[in-house]
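Below is one structure, written out as structure tokens; the observations come after it.
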Amino acid sequence: MEHKPKLVSSEVAALWGAYMQNSMAICIIQHFQSVNEDQDSTNIIQTALTDCNFVVYEVKKIFEMENHALPIGFTQEDVNLKAGRLYSDLFTLRYIKYMAAAGTAAAAALLEVLARNDVRDLFSIVSQRFMQLYNNSCDLLLQKGAFIRSPTIPPMRKAEYLQDDSYLSGLLGKHRPLTVVELAHISKNTEMNSIGRTYVTGFSQVAQLPEVRKYMERGVEIAAKHETVFREILIEDGVPLPSSWDSTISESIDPPFSDKLMMFHSNSLTAISVAGYGAAIGASLRKDLGGHYTRLMAEILQYANDGVKLMIKNRWLEQPPQNVDREALRNRSV
């Protein structure tokens, strides 16, 4: 049998995170599958479920081989398959597309810090599978005429270099037109907030604890505010606004998910937003855009921090693997 080196910290982090995210996704997709009435989406939902189960199984296999404790993650106790529909079938398809894109990007980015070939192989396969799931979801949304496209601009007639630093624009006053790179990030972040707003609106409706409902309501307000900021930037620049996402939410108050799962997922969506805003800051040369992203990022970081405190209070936040606490060992009672 081939001898494998011990897992390093970055590999444990990647595997642990993949287990947490995909065990959660299994619960969500199982609910989507149980209420789905759109035959066109059946195969995509089943593929999403198969892909997430594959990740959980493979991570479990590696951790068991290394005598590494499995995360608690999420189980059938966190999903109620008897609960009625909360979101529309079209929203389900858009959600799978969105999360498949996030999963593809995350798996590909992790490859840079993975050394062991079996772990690299796993995340390479995961990236490929989620990319295929994303493409299939896109194809079906296009077929249904429901793919939300970015704004269009007239074709560029001539390539040229910048002549002075007025291109950067100030925080106040008249700004130069948006570049396609800046438009791409604004569109992506508008979409991110739109799908997040729809999702936590449903969560606020079915959460069991009043403090969780209040937290989700706050998330709805923040996402709506951020979406408005991005749309106003487009309006000011005379850019056609993208269509609104389907936000159909039923009147059900029967929770399909546990409060623990909904809080974890809310924080996961917030983490994706932070990453999206960070990438946008690096790609946006207009100073006013950097100012917007920095201000909005601070707001969602505070929201995420309050969510962590709420999860700790209710003992829902699972501790990631960590290094040995040498000081605690030195100070142990004899």
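The values are calculated or read from the model by the stated rules, or taken from the named source; none is laboratory data. The model shown is predicted, which means the values in this text are computed figures rather than measured ones. All Cβ positions, even for glycine, are placed from backbone atoms using ideal geometry, and neighbour counts span all protein chains on display. Ligands, DNA and RNA are stripped out before the accessible areas are found, and what is left, the full protein with its side chains, is counted by its heavy atoms. Shrake-Rupley method; radii C 1.70, N 1.55, O 1.52, S 1.80 Å.
Filter segment 214-267 down to residues that are among the acidic types (Asp, Glu) and within 16 Å of TYR87 (Cα to Cα) and give me whichever is surrounded by the most Cβ atoms within 10 Å (Cβ to Cβ). Give the derivation first.
Within segment 214-267, the first condition is being among the acidic types (Asp, Glu), and the residues that meet it are 217, 221, 227, 232, 236-237, 246, 251, 254, 259.
From the residues that got through so far, the ones that are within 16 Å of TYR87 (Cα to Cα) too are 246, 251, 254.
Values: ASP246: 19, GLU251: 8, ASP254: 13.
Selected residue: ASP246.
Which residue pairs have Cβ atoms closer than 8 Å, lie 6 or more positions apart in sequence or on different chains, and pair a first residue in segment 316-328 that is of a type in the set (Asp, Glu) with a second residue that is open to solvent by 70 Å² or more (accessible area, probe 1.4 Å) and part of a loop (DSSP other than H, G, I, E, B)?
Once the first residue is of a type in the set (Asp, Glu) and sits in segment 316-328, its partners that are open to solvent by 70 Å² or more (accessible area, probe 1.4 Å) and part of a loop (DSSP other than H, G, I, E, B) give GLU318/ILE72.
Looking at SER127, SER137, can you tell me which residue is on the phi < 0 side of the Ramachandran plot, of a type in the set (S, T, N, Q), buried (at least 21 other Cβ atoms within 10 Å of the Cβ) and out of contact with any Gly (no Cβ under 6 Å at 6 or more places or on another chain)?
The match here is SER137.
How many residues are assigned to a loop (DSSP other than H, G, I, E, B) and either buried (at least 19 other Cβ atoms within 10 Å of the Cβ) or without any contact (Cβ under 8 Å) to a residue 12 or more places away in the chain (or both) when one looks only at segment 83-97?
2
Given the criteria surrounded by fewer than 16 Cβ atoms within 10 Å (Cβ to Cβ), closer than 30 Å to VAL8 by Cα, of a type in the set (Gly, Ala, Ser) and out of contact with any Gly (no Cβ under 9 Å at 6 or more places or on another chain), does ALA146 qualify?
Details: surrounded by fewer than 16 Cβ atoms within 10 Å (Cβ to Cβ): yes; closer than 30 Å to VAL8 by Cα: no; of a type in the set (Gly, Ala, Ser): yes; out of contact with any Gly (no Cβ under 9 Å at 6 or more places or on another chain): yes.
No: the conditions fail for ALA146.
Please state which of the following conditions SER273 fails to meet, knowing it meets all the rest: (1) in contact (Cβ under 8 Å) with a residue 40 or more places away in the chain; (2) open to solvent by 60 Å² or more (accessible area, probe 1.4 Å); (3) more than 30 Å from LYS82 (Cβ to Cβ); (4) polar (S, T, N, Q).
(2)
Would you tally the residues in segment 169-191 being farther than 23 Å from PRO155 by Cβ and modelled with pLDDT under 90?
Adding up the residues that qualify gives 7.
Filter segment 49-81 down to the residues that are farther than 29 Å from ALA207 by Cβ and touching a helix residue (DSSP H, G or I) at 6+ places or on another chain (Cβ under 8 Å) and list them by number.
PHE54, GLU58, LYS60, ILE62, PHE63, HIS68, ALA69
Among the residues that make up segment 167-176, is at least one of them of a type in the set (A, V, I, L, M), out of contact with any Ser or Thr (no Cβ under 9 Å at 6 or more places or on another chain), open to solvent by less than 70 Å² (accessible area, probe 1.4 Å) and closer than 24 Å to GLN302 by Cβ?
Checking segment 167-176: not a single residue is of a type in the set (A, V, I, L, M), out of contact with any Ser or Thr (no Cβ under 9 Å at 6 or more places or on another chain), open to solvent by less than 70 Å² (accessible area, probe 1.4 Å) and closer than 24 Å to GLN302 by Cβ.
Can you tell me which condition GLU160 does not meet? The list is (1) over 17 Å from SER284 (Cα atoms); (2) in a loop (DSSP other than H, G, I, E, B); (3) open to solvent by less than 60 Å² (accessible area, probe 1.4 Å); (4) not hydrophobic (A, V, I, L, M, F, W, C), and all the others hold.
(3)
Would you be able to say whether some residue in segment 297-308 is over 22 Å from SER194 (Cα atoms) and touching a residue at least 12 places away in the same chain (Cβ under 8 Å)?
yes
Do you know which of the residues in segment 276-305 that are open to solvent by less than 50 Å² (accessible area, probe 1.4 Å) and of a type in the set (Ser, Thr, Tyr) is nearest to ARG213 (Cα to Cα)?
So, considering only residues that are open to solvent by less than 50 Å² (accessible area, probe 1.4 Å) and of a type in the set (Ser, Thr, Tyr), the one nearest to ARG213 (Cα to Cα) is TYR303.
Being within 20 Å of the chain's Cα centre (by Cα) and open to solvent by 10 Å² or more (accessible area, probe 1.4 Å) is the filter here, so list the residues in segment 53-70 that pass it.
ASN53, PHE54, VAL56, listed by residue number.
May I ask you to list the residues in segment 313-327 that are more than 30 Å from PRO210 (Cβ to Cβ) and at pLDDT 75 or above?
Within segment 313-327, the first condition is being more than 30 Å from PRO210 (Cβ to Cβ), and the residues that meet it are 321-327.
Hits for segment 313-327 are PRO321, GLN322, ASN323, VAL324, ARG326, GLU327.
I need a count of the residues in segment 27-46 that are under 14 Å from TYR95 (Cβ atoms), part of a helix (DSSP H, G or I) and either open to solvent by less than 20 Å² (accessible area, probe 1.4 Å) or in contact (Cβ under 8 Å) with a residue 24 or more places away in the chain (or both).
10
Condition check: open to solvent by less than 40 Å² (accessible area, probe 1.4 Å), β-branched (Val, Ile, Thr) and not in a helix (DSSP H, G or I). Does ILE153 satisfy that? Let's see the steps before the verdict.
Working: open to solvent by less than 40 Å² (accessible area, probe 1.4 Å): no; β-branched (Val, Ile, Thr): yes; not in a helix (DSSP H, G or I): yes.
Considered against the rule, which asks whether it is open to solvent by less than 40 Å² (accessible area, probe 1.4 Å), β-branched (Val, Ile, Thr) and not in a helix (DSSP H, G or I), ILE153 comes out as no.
Suppose we keep only residues that are among the small types (Gly, Ala, Ser) and farther than 13 Å from SER10 by Cα within segment 108-128. Which one would you say is modelled with the lowest pLDDT?
Applying the filter and picking the extreme gives ALA108.
How many of the residues in segment 14-26 are under 25 Å from ILE249 (Cα atoms) and open to solvent by less than 50 Å² (accessible area, probe 1.4 Å)? Let's see the steps before the verdict.
Filtering segment 14-26 for residues under 25 Å from ILE249 (Cα atoms) gives 21-26.
Next, from what is left, pick out any that are open to solvent by less than 50 Å² (accessible area, probe 1.4 Å): 22-26.
Residues that pass the stated criteria total 5.
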